[in-house]
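Throughout, read-outs are computed from the coordinates displayed, never taken from laboratory work. Because the structure is predicted, anything quoted here is derived from the model rather than measured. Virtual Cβ from ideal backbone geometry, glycine too; neighbours counted across all protein chains shown.
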Amino acid sequence: MSDSIQRLYDAILAERERDDASSRTAKLMREGTPKIAKKLAEEAVEVGHEAILNKRGATIEESADVLYNLAVLWADAGIRPEDIWAEMTRREAMMGIAEKLPKSGTTMVFRSKKPGKKAGKRGTSRFGLRRLTRWLRSFKS
């Protein structure tokens, strides 16, 4: 998989310099970091939504969009895929490959809005899916 990500990243680097109006990658990068981050967040919400709906094919397609937009964000920020792989190796040594490192000093409470449900578990995110979607829609494309 890292070879595929590297090829994608290299293609993005090549595209970002194009002055061709047909290059969606170049256009996105000209629009800057806020637009790139917004696109990544939108795609992340979409992949989560498709997964909730149990739509395997759409989840795969949206996952590819997330990876593309993530690679665009990396290129924009001057982050190389090998920087990410080094962090993954560091985390694996500390916690194991399947564990996410806890954020220090951050705890947020997830609460269910459904009647009769108990309060949710503690987590590290402050946005629910609906709240994140509303927040993203507040930015005009």
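Using the Kirkwood radius built from alpha carbon pairs, what does the Stokes-Einstein equation give as D for the range 2-101 at 25 °C and 0.890 mPa s, in µm² per second? Answer from the Stokes-Einstein relation: 166 µm²/s. Multiplying the residue separation of Ala11 and His49 by 0.36 nm and removing their Cα-Cα distance gives an extension gain of 10.8 nm. Here the extension length gained between Glu87 and Asp20 equals 20.6 nm, from 0.36 nm per residue of separation less the Cα-Cα distance.
Scan the range 1-51 for GluC sites (Glu not before Pro) in coil per DSSP, keeping those whose Cβ has at most 15 other Cβ atoms within 10 Å, and list them by number. Walk me through the intermediate numbers first.
On the way: sites: Glu15, Glu17, Glu31, Glu42, Glu43, Glu46, Glu50; in loops: Glu17.
In loop regions of the range 1-51 (DSSP not H, G, I, E or B), the sparsely surrounded GluC sites (Glu not before Pro) are Glu17.
By other beta-carbon atoms within 10 Å, ranking Asp19, Asp65 with the fewest at the front produces Asp19, Asp65.
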